[in-house]
Structures are given as C-alpha cells and as structure tokens.
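The values are calculated or read from the model by the stated rules, or taken from the named source; none is laboratory data. Predicted model, so just to flag it, every value in this text is computed and none were measured. Don't worry about glycine lacking a Cβ; one is built from the backbone with ideal geometry, like all the others, and counts go over all protein chains shown. Heavy atoms of the whole protein, side chains included, go into the accessibility calculation; ligands, DNA and RNA do not. Shrake-Rupley method; radii C 1.70, N 1.55, O 1.52, S 1.80 Å.
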Amino acid sequence: MRKIPEQTPPAGRRKAEPARPATRSRKEADSGKPRVALVLQGGGALGAYQAGVYQALHENGLTPDWVVGTSIGAINAAIIAGNPRETRIARLREFWETVSHPDLFDLQYLPDNLRLLSTRLTTLDTFVRGAPGFFRPRLLNPFALGLPVPPEDASFYSTAELRETLERLVDFDYLNREAGIRMTVSAVKVTCGTLVKFDSATHPIGPEHIMASGALPPGFAPVRIDGELYWDGGLYSNTPLEAVLNDEPRMNTLCMMVDLWHSDGPEPKTLEEVQTREKDVTFASRSQRHIDAYLKQYQLRRAAHDLYKRLPTNMLSAADRKMMAELGADTTIHIVRLPYAGRDWNMASKDVNFAHGSLLWRWEQGYQDGLRGIEVSAGCPFGSSEAGIVVHELPTGETHVKVSERSS
C-alpha cells in the first residue's frame, strides 16, 4: 500500500522559494510582522487535502502563527499546533494512515469505472464499520430505533476512538503553552444554537473541544464541555474565517483559507447529484459575506479616525487618543483562497470516502495547491493601504499531480 507523502518531496516535485520566516510565538506575532493564519473548513475525509496544503507551507517556511479550524479542520489544526515542528508532518501522516481504508485494488492501474466501483465499496465499508481510530457504529443502538438515550449517546456512531487518537497524536500541554501556535476551534451550543469559539490564547484546549467541533449529528453525538452540549461548528459556519476578520487588536495578516466544498456546480439530474449539490451548498464557504461585512466596518473605522484627526488637540481626552489609535490601525488582511478541485465523481458521500488511494490523491493535490498559494502570497504588499482586505485566487491551470496518481 502506498504511503501518505513523506516530508521531503520525491524527485520531480518542485519546491517553492521560502516566502516568510517559520513559526513565530504569539508575542512575536505582535511585533509588526505580518501574521500567518491558516483557516481550515470541515469536510470529513476531504480534510486530507488540508494536510497536503500544510506540508507545502511547512516545507517552505510559512508555518502559521495561528490555525483556525472546524470539524476535520479542527483535528488537523490540533495536530499542527499540538506538536513540535519536526514531528508535525509525521503526526498528520499517522492520523490519515490510521483512519484510511485499504483499497480493494491498486487504483492507479484501473480504468475510471472500476476506480469508482472500488471507491464506492470502500465508502460503503466505512458506513458499515466506521473509520479506525475515528468512529465506530454503536451496536444494538436504541437511538437508531427512535428510543430515548442519554444526550452523549444520541448518535449512530461512537467517537471514543477519536479521543484515544487525539491523546496519542496531540500534546495538549505543548498546544496550550504561551509560545505555541495559537489555535481556535468552533462548535455550536446545542440548546441555543450559538456559535462558540474555543481559543488557546484565552482558554486551555483539550480533546473534548476538538471532538465537539466535529460532532456532526446524527452521525456523531454532542460533546459536553463545562456542563453544556456542543455540536459541529459547521452547522453554523463551516468556514471559520470570521475569527480572523474579527480578531483584536488588528494586525497585518496573511490568511491561507482552504475550501473543501464547491459553492458552484452543474444543475443536478439524479438523486445522487441532488444530494451532492445539496451538501456542497450547505457546507460551502460563506466567506464573501464575512468579507463584505469586514470591509464596511473597516471603512467606518477609517472615517471615525479621520473625524478624530480634525478635532483640536486640546479637545482630545486620553480615552479619545486611545480610541483614535485603535481606529487608526492601518492594517491589511491578504486572503489566499485554496479550493479543493476534486469532484470525486459527484459522490454525495465523498466526505465519507476514506479509501487510502483517495486520501493519498487529496493530500498530493493539497501539496501542489499549497505551493501555488505560496507563490501568490509572495507578492502580497503589507504597507499603508485603504483596501483593508484583499482576496487572491489561485491561477487557473493544471496541477502537477500525475494522472496515474488520481483516484478520485
């Protein structure tokens, strides 16, 4: 069985020029240098693409100062933030190797119709038996029969194995240290539908916060934290970009935003195409809405700052001067959007496709797109700007993934 890519790229793989220094501590991130943030969506098995993106950033000196994740993005974020730099890629690789299902055949030697059949059978196996180290079906489950159960058991699958996997692959003491990579994960409070952000800068993060962020019902049960039940943050907002946009104090930021779902797509004609389109629309990024709101707020802040500047100095109190300084923070956020391009044969269950060959392909696709994203980020200016926020799309064109490696 082929392995998830090693940290050192094989021959023929190009490596981008280093764009910025490696990871800085939270204190150093306030020194005036642009902060690097990595925003990771939820998307189940599609999250292998995120791991490939991170590998490209890691190898090229663009390790994030801050990782923000939801659902599978929270798991990847925890492994990144919860390990020393020299072991991060190995831990990511170990997680995705653990949860993968062996392919029935070596997909690189099969035509597309047999690849699709093999992947469907492997995905069906995931529904029946779960994913090792992640989730398992609850046997003799009263919940599946419509009977009442304790809230923590109200699901078709148990994620007890995920807690064991997180405790094995994530050093939570390392994750929560002051000098570490900041991590933010989101979850929805079950009883009121409020989105809650758990941030290592203000709150110790444990396995339960990661599990809560990925507790998508009715497959997975809610997770109780400090007496409250939480579900998957993707139910409210699957792209946690607003955490970066609303962060205070404001600072120049390079944000690498990974999108796993497609907001655009063809008109569906079959039941599966309808289900696929419905899932894409439900979980696709709502980033443009957050960006528009940020721009309006940014323009209001600049207008208020200009009004303060017109007042005579003797009319400004100490509080006024402080407010003026905060309003006048002339910062820019550059967002480099990295979209997962795989259509996965328009399978509605693509996020449950843990077939090893599919995970391998997604990882490689993420690596190549990560390299392209680094090239885009190298030209982002961080000087005085009236824009406030700039969104960069990857240039169109073929990726560098060999056809023989494609399995999804």
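Residues in the stretch 48-101 that are among the hydroxyl-bearing types (Ser, Thr, Tyr) and on the phi < 0 side of the Ramachandran plot: Tyr49, Tyr54, Thr63, Thr70, Thr87, Thr98, Ser100. Note on the stretch 226-250: residues that are buried (at least 18 other Cβ atoms within 10 Å of the Cβ), more than 14 Å from the chain's Cα centre (by Cα) and either free of Cβ contacts under 8 Å to residues at least 24 places away in the same chain or in a strand (DSSP E or B) (or both) amount to 4. For the structure I just gave you, tell me whether Phe143 is open to solvent by less than 60 Å² (accessible area, probe 1.4 Å) and touching a strand residue (DSSP E or B) at 6+ places or on another chain (Cβ under 8 Å). Answer is no for this residue. In the stretch 312-326, the residues that are assigned to a helix (DSSP H, G or I) reach residues that are modelled with pLDDT under 75 with C-beta atoms within less than 7 angstrom, at least six apart or across chains, in these pairs: Asp320/Tyr308; Met324/His305; Met324/Tyr308.
Among the residues of the stretch 201-225, the one identified as in contact with a Lys or Arg (Cβ under 6 Å, 6 or more places away or on another chain) and open to solvent by less than 30 Å² (accessible area, probe 1.4 Å) is Pro207. Taking first residues from the stretch 329-348 that are outside any loop (DSSP other than H, G, I, E, B) and partners that are among the small types (Gly, Ala, Ser) and modelled with pLDDT under 90, the Cβ contacts under 9 Å between residues at least 6 apart in sequence or on separate chains come to Ile333/Gly388; Ile335/Ser287; Arg337/Ser285; Arg337/Ser287; Pro339/Ser285; Asp344/Ser408; Trp345/Ser408; Asn346/Gly265. Counting only residues that are out of contact with any His (no Cβ under 8 Å at 6 or more places or on another chain) and small (Gly, Ala, Ser), which one in the stretch 116-151 is nearest to Gly357 (Cα to Cα)? Here the answer is Ser118. Counting just the residues of the stretch 28-54 that are assigned to a loop (DSSP other than H, G, I, E, B) and either at pLDDT 95 or above or open to solvent by less than 10 Å² (accessible area, probe 1.4 Å) (or both), which one comes out nearest to Ala179 (Cα to Cα)? Filtering the stretch 28-54 for residues that are assigned to a loop (DSSP other than H, G, I, E, B) and either at pLDDT 95 or above or open to solvent by less than 10 Å² (accessible area, probe 1.4 Å) (or both), the one nearest to Ala179 (Cα to Cα) comes out as Gln41. Kindly evaluate Ala201 against the criterion of being touching a Phe, Trp or Tyr at 6+ places or on another chain (Cβ under 7 Å) and either in contact (Cβ under 8 Å) with a residue 60 or more places away in the chain or within 19 Å of Leu46 (Cα to Cα) (or both). No, not satisfied. Taken over the stretch 231-257, residues that are of a type outside the set (Asp, Glu) and closer than 23 Å to Pro217 by Cα amount to 10.
Of all residues assigned to the stretch 289-311, at least one qualifies as being under 17 Å from the mean Cα position of the chain (by Cα), part of a helix (DSSP H, G or I) and at pLDDT below 95.
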